[in-house]
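Quick notes on the structure that follows.
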Amino acid sequence: MKSGRRIVFLVTEDWYFCLHWLPVARAVRDAGFDVTIVTKVDRHAHVINQAGLTLVDFDLGRGRRNPVTEWRRLKRLTGLYRQLAPDLVHHIGMKSIALGSHAARLADVPASVNLFAGLGYLFATDRPAVRVLRTVLKPFFAFGLNRMGSRVETLNDDDRRRLEASGWIDPTMATVLPGSGLDLERFPALPPPEGPVVTLAVVARMLKIKGIDLIVNATRRVQTDGAACRLLLVGKPDPANPSSFTQADLERWGSLPGIEWRGHIDDVREIWKEADIAVLASHGGEGVPVSLMEASACCRPSIATNTPGCRDIVVDGKTGLLVEPNDESALANAMQVLIADRRKRLRFGLASRQLVSSKFTSDQVSRMILEDYRRLGLAP
């Protein structure tokens, strides 16, 4: 029985919404709310419609845009909010927050929740130019975020502290979610792969900030040292992202002995049926990496960098191994340790499943989000 209360989710692209946030939207619907998804529609409209959610096509744009284009897009989004007249808008991701929080103010939407699904390149580096950009953007974001009827959500506590220290958010308005949550029924525990060759896999967009080149180089090192291993690169380049590797880069790596570029696959469980170890050499900017949550749910240990989000899912010496960012030697050494020790892989894998089950489920995330709605006066 619906309450007549309408909640709008604003997300950049339909595939991203379906991959990360569809279970949460279903839970919000099941709690009695009328749920509308505003996103760029590509290939997943049928999935969203079948979930009983209203879908509105809106292109937020990605990559670098000029101010005039963004102002026009903000005006269109403000008009859409006035037309939909939601009780609450839930903005997911940096671009959605940047435009949506201001559109919500201009359209007099009573309440908003702004979810930082990772802080990205803007907070992953302290290069002088990036520090200047953060300072320039501070009043813009603070104006959109810090108002009555607004809350902020982050996916790890490091991000919350960073946003507070940077002056972007009021510390009294923040909730830390345990990642985007995972459906454990969809990701069951899998038996360990058999065979003499240990398979490592990185499932991610093929970006420099994800450390793909470091993973390839570290794998080649351990192969040269005699380790019986192979590497699967699973994911696509992202031409709209300035840190993306090219298709030519990926094809070149995929032609090397013991390295295979699989590109995008629809069902990542097929990768964890054959891979022994998950790897992610992120430079930073993650929320909680979904690829590591999925691998953990499937009882796979992980090697990751000691960065926000990654260290939430990878407990060093318990569920996997952590190395410092941009340290190719340390990454190769961690690979050698887990490749050589099957018992350790199995022990870390079981602990990984237990961690996800206890902390990172979709049900847990959904309950926390619904509690934020209640804090803002919305009850189904």
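Our coupling estimate for the stretch 319-324, obtained by passing each phi through the Karplus curve with A = 6.51, B = -1.76, C = 1.60 and θ = phi - 60°, is 10, x, 10, 10, 10, 6 Hz, Gly and Pro reported as x.
A Förster distance of 41 Å, applied to the separation of the beta-carbon atoms of ALA340 and ARG367, puts the FRET efficiency at 0.50.
Once the piece of chain linking ASP183 and ALA51 is laid out straight, how much longer is it, given 0.36 nm per residue of separation minus the C-alpha distance between them?
Numbers: separation 132, 0.36 × 132 = 47.52 nm, distance 1.53 nm.
So the chain would gain 46.0 nm between ASP183 and ALA51.
Percent relative contact order of the chain, based on C-alpha pairs within less than 8 angstrom and at least six residues apart? Worked out over the chain, it gives 16 percent. Each of TRP15 and LEU376 was given a label point 7 Å from its Cα along the Cα-to-Cβ line. The distance between the two points is 2.8 nm.
Taking θ as phi - 60° and the Karplus parameters 6.51, -1.76 and 1.60, the scalar couplings of the stretch 288-301 work out to 10, x, 5, 4, 6, 4, 5, 4, 4, 4, 8, 6, 10, x Hz in sequence order, x denoting glycine and proline. Counting only heavy atoms of the protein chains, get the accessible area per residue of the stretch 247-380 (1.4 Å probe) and round it to a whole Å² value. Accessible surface, normalised per residue, equals 41 Å². In the Gaussian network model of the chain, springs joining C-alpha atoms below 10 Å, which of ASP170, ASP266, ASP87 carries the largest mean-square fluctuation? Most flexible of the set in this elastic network: ASP266. Take every Cα pair under 8 Å whose residues are at least 6 apart in sequence, average their separation, divide by the length of the stretch 1-82, and the relative contact order is 29 percent.
Picking from GLN364, GLN336, GLN83, which is most flexible by a Gaussian network model of the chain using Cα springs under 10 Å? The residue with the greatest mean-square fluctuation here is GLN83. Think of each Lys and Arg Cβ as +1 and each Asp and Glu Cβ as -1; about the Cα centre, that makes the dipole of the stretch 111-229 roughly 560 debye.
Of all accessible surface on the chain at a 1.4 Å probe, what whole percent is carbon and sulfur? In the chain, the share of accessible area belonging to carbon and sulfur is 52 percent. Close amide H partners of GLY211, meaning residues 5 or more places away or on another chain with modelled amide H under 5 Å apart, are HIS283. If you take the alpha carbon atoms of the stretch 104-254 and fit the smallest convex hull around them, that volume is 179 Å³ per residue. Note on the stretch 180-245 and the stretch 61-120: Cα centroid distance 34 Å, given to the nearest whole angstrom. What is the angle, in °, between the Cα long axis of helix 342-359 and the longest principal axis of the Cα atoms in the chain? Nearest 10 is fine, range 0 to 90. The two axes meet at around 10 degrees. Using a simple charge model, +1 on the beta-carbon of Lys and Arg, -1 on the beta-carbon of Asp and Glu, nothing else, what dipole does the stretch 235-338 show about its Cα centre, in debye to the nearest 20? It works out to roughly 140 debye.
Taking Cα atoms only, the orientation of helix 67-84 departs from the longest principal axis of the chain by about 60 degrees. Normalised by 2.2 N^0.38 Å, where N is the number of residues, the C-alpha radius of gyration of the stretch 191-298 stands at 1.02. The long axis of helix 328-340 is offset from the longest Cα principal axis of the chain by roughly 70 degrees.
The values are calculated or read from the model by the stated rules, or taken from the named source; none is laboratory data. Since the model is a prediction, treat every value here as computed from it, not as a measurement. Every residue, glycine as well, gets a Cβ built from its backbone with ideal geometry; the counts of neighbours run over all protein chains shown. Only protein heavy atoms, including side chains, enter the accessible area calculation; ligands, DNA and RNA are left aside. Shrake-Rupley method; radii C 1.70, N 1.55, O 1.52, S 1.80 Å.
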